[in-house]
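Derivation of every value follows stated rules applied to the coordinates shown; laboratory data play no part. The structure displayed is predicted, hence computed values, not measured ones. Counting neighbours? That spans all protein chains shown, and the Cβs are built from the backbone with ideal geometry, glycine included.
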Amino acid sequence: MRNDSLIRIFSGESNRAFTQKICDYLKITMGNSKVMRFSEGNTYVKIDEKVRGQDVYIVQTIGLDPNNELVELLFWLDAFKRSGVNSVTAIIPFFGYAKADKKDEPRVSIRARVCADCIEVAGVDRIVTMDLHSPQIQGFFKKPVDHLYALGMFCDEIKAKMKDEYVIVSPDEGFAKNARNYANKLGVKLVIANKQRADHSETAEILGLMGDVAGKDAVIVDDFTISCGTLNETAKLLKEKGARKVIAYVTHGLITDKGIKTVENSVLDEITVTDTIYNPRIEGCEKIKILSASTLFGKAIRIIHEKDSLSDLFD
């Protein structure tokens, strides 16, 4: 790696284990820092080493505690800028407000745009994230955004696991374009579920399927899940339509306690998520497997630091 002495990776509190894996891949030591939360709720961050003139990377997922995690990220960006760094890149494995990308009702905030503005005002020079729920959010930032995809590593896993005839399933029309990329890369057919959501609750109704699954295994792909309700309902319908085995690959696992129970009682055979979010709830569920995305992010950081092209990561 070029300029080893100038690259420093620091971790926010949301996913220190993920940051450590990135550092292990890059064979560097994680930067020294501390976070304190005072009794009244205030957050305090401190960089515990010199960083002046260096290119630094701060890893902070905006996931299970999005408001506190976002504010902590803003404080880190401000601290690095006030410490005279050459550049600060925010590694945001999951950008929690990404689905709030438009004004689809009267008198509501476009929350993703507000978050983007805050991150830029705090001093970020570059953002790296993965599988944004709404990819157009990249346009909310004036600074460069590198958008990584779980597709490559998921497809490698799917190829290794699926021995019989199978199809890729999109749980709704909104994810159909992404799911088609999976199907094309794997050389299999795509099935699309027709989902209807009446309100902001995490309950959705699956109305039907576009495509044939009878006598085939089914692989559902999606960007994130919370209650696992859509996955459960889609799996039930797939089974009713004659699918043999139903598994799912979901990038970000924000799964709640209710979601864990849903998975355990569902007809799903297995769900694979990445470790972009530290979620201790999923560790005891035998149906949920974790695939690390740390190597992908480590490669991206190395390429950015060497001022090379990230296009190789998308081949």
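Once both labels are positioned 7 Å from their Cα atoms along Cα-to-Cβ, the gap between Lys261 and Gln20 label points is 3.2 nm. The per residue volume of the convex hull around the alpha-carbon atoms of region 1-101 is 113 Å³. Excluding residues on the same chain fewer than 8 positions from Lys163, give the lysines whose Cα lies under 21 Å from its Cα. Here the lysines satisfying the reach criterion relative to Lys163 are Lys185, Lys189, Lys216, Lys239, Lys241, Lys245, Lys287, Lys289. Here the extension length gained between Asn68 and Met30 equals 11.5 nm, from 0.36 nm per residue of separation less the Cα-Cα distance. Label positions at Asn181 and His147, each projected 7 Å from the Cα along the C-beta direction, are separated by 0.8 nm.
Based on DSSP H runs of at least 4 residues, each adding -39500 (n - 2.57), what is the mean residue ellipticity at 222 nm of the chain after dividing by all its residues, to the nearest 500 deg cm²/dmol?
Numbers: 8 runs with 93 residues, N = 315.
That calculation yields -9000 deg cm²/dmol at 222 nm.
Within the P(r) computed for the chain, what percentage of the Cα pairs occupies the region above 29 Å? Result: 38 percent of Cα pairs exceed 29 Å.
Summarising the amide proton neighbourhood of Thr272: residues at separation of 5 or more, or on other chains, whose placed amide H is nearer than 5 Å comprise Ala248, Tyr249, Val250, Lys289.
The modelled label-to-label distance for the pair Arg244/Asn42, using points 7 Å beyond Cα in the direction of Cβ, is 6.2 nm. Calculated on the Cα set of region 151-291, radius of gyration then Dmax: 13.8, 39 Å.
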